[in-house]
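Asks: Can you keep this structure in mind? I'll have questions shortly.
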Amino acid sequence: MQKSEVVQAEYPEVTREIANRSFSGLMEFVDHDESEVSNLAWKALAKTEVDKSELNLLIEEAFREDTKGGWFAISFHDLNADMLNSIRNAFRSDEISSKSVCNVFFRLGELEDLEYLISSRDLTRSAECSKAIGGIMSRLEVPESLNETVIRLALENEDPEIRRNLLYGYYRASVNRPEPESFLASLTENQWKEFGVGQDEFVDMTIVRMLGKKGLYVAMDMLSDQKLNERAGLAVDLASTLGNSVPDTEDVEPIFRLLHHKNNHVVVQVLTSLTQHERLTPPFLNRIEEEITVPTRDPEIFISSLNLFLRNGMGVTSHRFRLDELSGRNPYLKEQFLIIYSALDTDEEYFERLSEHIKSGGVEALHAGRMMSRFLQRRGIPNRFRDSVEDLIAYVLEDGNRSSLDGLAEVFLSDRVLSDDSYEMLNGAYERYVELEMFEQAQILQRVLEERFPEQFETAEVQFEKTFRLPNIDRLYQMGTRPFWELKTEKGTIVVRLDPLSAPFTVSSIDSLTRAGVYNGVVFHRVVRNFVAQGGDFDRQDGFGGPDYRIPTEPSFETFKRGMAGIASSGTDTEGSQFFFMHRWAPHLDGHYTNFGEITRGLDVLDKLQVGDKIIEAKIYP
């Protein structure tokens, strides 16, 4: 086990400056002899608010150092035209030699920067500058000639990282994707076939996004079921194309091949895409019911297929017994189940169902509250249930369950449901929460009162913001430079190599929470296909909870590629206990979220995780 003496010698002071978000204090460390310390300071400066004079000092230091850290930090600040021009001109005149300056162009570059980068083969072969090309093309529409050049450059390059970077703009956004039947679409298809369909999953996924249904046909013709089963990410993207237009006869075979994919996320995506259409034929729907709905044991596949049937006017009452059974066992899919019940229940039954869930608290209350808001916006509904709604709201305000309050926020804001006379009731609950130091509940009502009653409401003079938790330096030192975090889940075990030198606050927090056992039994409450699986809410367990402290955002030079571990955030320096694992590369997250480690074992488990899957046990070891 390797330990770093720098952790004990230097980290106590530099982490204090990070917690203080002190510009001058952090600047003292940017030229430190130890790279771990200087990099930590530069990355912290990326997320530290600066005034104009401080930004000028930061740019001067970035020019002087001309290192990755400096250009990384600069790229997260608002540069005016003169600042950007000075960097641009210095780079072109070789005053700046580090290609890391392309971090600035990735986030802030313009069309002229793109043209310059593409004009130099040396720069297009650079990892950082090729990524800048992809970043600019994800934001700006560019001439067809440049699109043609980038596609050729990407598919003729033998380096998979450079290919990925150059194609990123097409993968991320539709702004430069070719029109169907255009020359650029034809060129892309021919270059793809020449490169080799199935040779690089990211290339396949990108071009399927570029070509839409045409890409679906090419990939399905060229790839066997075994190959598709090995490429769940590609299969999800193929399934996504089915939402672009109403399926016709030639789509039926590809659809059912994807519906029989071994990864449940692919099946759910097919059903979700098909739900965008309302003119699917009864024989087609009956076949889905027979081959997918009836035999599946997966609740998400089951409920997605019922939603598809309802969307197309097909009855689902024959599945009522199973619907009731699965609904009670899957609280994290409650919103989807409630959509089905809204079609099967009478208004009175549905209102009572929602009310029961809201009163129960937790994740079911959060989902039911949101559905209650939709229900009460229907014409004539508020008048019929006005007294019952007011009784329900009085119950929730008295009970103070955070999930219930959050779920009903839209109801509180609606003057169709609650009259202006409700101010005294809401404000009274707010004042009681403040007095009892129920600060999260108070914050929920504060947002409502500020928006609904701006002239009447007066905010209590209370500091709601949680304090930063400083890292336990002695424990970090004892853990060594490469500790591991093991999560035993219902779908298998995931092992993450942690990065305490780059993310000391985060790793120290995870270590403390893990050793306290709070992650045991916690679910993955959010899973976004081809993006992330997120868990760690041991507090509320509905996706909005965390510890009684916060930790600062700790950006990393590492990109958010597949298998990376990040900390969930609702803005800079709001991080807590929630974490996510990346299904796919997503560089738009780079630097905006803490990247604290990488999965070394269990990527196959990650691909299987679904909403509601539990962490059985979490352990941490050197």
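Asks: Taking region 163-205 as the region of interest, how many residues are part of a helix (DSSP H, G or I) and touching a residue at least 24 places away in the same chain (Cβ under 8 Å)?
Replies: 26
Asks: With (1) in contact (Cβ under 8 Å) with a residue 24 or more places away in the chain; (2) more than 30 Å from Tyr168 (Cβ to Cβ) as the list, and Ser24 as the residue in question, which single condition is left unmet?
Replies: With respect to (1) in contact (Cβ under 8 Å) with a residue 24 or more places away in the chain; (2) more than 30 Å from Tyr168 (Cβ to Cβ), Ser24 is out only on (1).
Asks: Please work out which one of (1) under 13 Å from Phe524 (Cβ atoms); (2) part of a strand (DSSP E or B) is the condition Val611 fails and give its number.
Replies: Among (1) under 13 Å from Phe524 (Cβ atoms); (2) part of a strand (DSSP E or B), the lone unmet condition for Val611 is (2).
Asks: Can you find a residue in region 499-522 that is in the same structural domain as Gly546 (by TED's automatic domain parsing) and under 18 Å from Asp604 (Cβ atoms)?
Replies: no
Asks: Quick one: which of Val150, Val142, Val101 is without any contact (Cβ under 8 Å) to a residue 40 or more places away in the chain, surrounded by 21 or more Cβ atoms within 10 Å (Cβ to Cβ) and over 20 Å from Phe72 (Cα atoms)?
Replies: Selected residue: Val150, the only one of Val150, Val142, Val101 that is without any contact (Cβ under 8 Å) to a residue 40 or more places away in the chain, surrounded by 21 or more Cβ atoms within 10 Å (Cβ to Cβ) and over 20 Å from Phe72 (Cα atoms).
Asks: On to the next question. Output the helices (runs of 4 or more DSSP H) that fall wholly within region 1-71 and possess 1 or more residues being under 33 Å from the mean Cα position of the chain (by Cα) and acidic (Asp, Glu), or say none.
Replies: Where helices (runs of 4 or more DSSP H) fall fully within region 1-71 and carry at least 1 residues being under 33 Å from the mean Cα position of the chain (by Cα) and acidic (Asp, Glu), they are 11-20, 35-46, 52-65.
Asks: A further question on this structure: Could you list all residues from region 460-484 that are within 28 Å of the chain's Cα centre (by Cα) and farther than 15 Å from Phe505 by Cβ?
Replies: Residues satisfying the conditions are Phe464, Glu465, Thr481, Arg482, Phe484.
Asks: Could you tell me which of the residues Arg287, Arg257 is in contact (Cβ under 8 Å) with a residue 24 or more places away in the chain and within 13 Å of Met220 (Cβ to Cβ)?
Replies: Unique residue meeting the criteria: Arg257.
Asks: When you check Arg378 against the structure, is it more than 31 Å from the chain's Cα centre (by Cα) and not in a helix (DSSP H, G or I), yes or no?
Replies: yes
Asks: All but one of (1) modelled with pLDDT of 95 or more; (2) surrounded by fewer than 23 Cβ atoms within 10 Å (Cβ to Cβ); (3) under 30 Å from Leu167 (Cα atoms) hold for Ser570; state the number of the condition that does not hold.
Replies: For Ser570, the exception is condition (1).
Asks: Among the strands (runs of 3 or more DSSP E) confined wholly to region 502-597, which include 3 or more residues that are more than 21 Å from Thr467 (Cβ to Cβ) and touching a helix residue (DSSP H, G or I) at 6+ places or on another chain (Cβ under 6 Å)?
Replies: Per the criteria, no element qualifies.
The values are calculated or read from the model by the stated rules, or taken from the named source; none is laboratory data. Note that the coordinates shown come from a computational prediction; the quantities given were computed from them, not determined experimentally. As a convention, Cβ positions derive from the backbone with ideal geometry for all residues, glycine included, and neighbour counts pool all protein chains shown.
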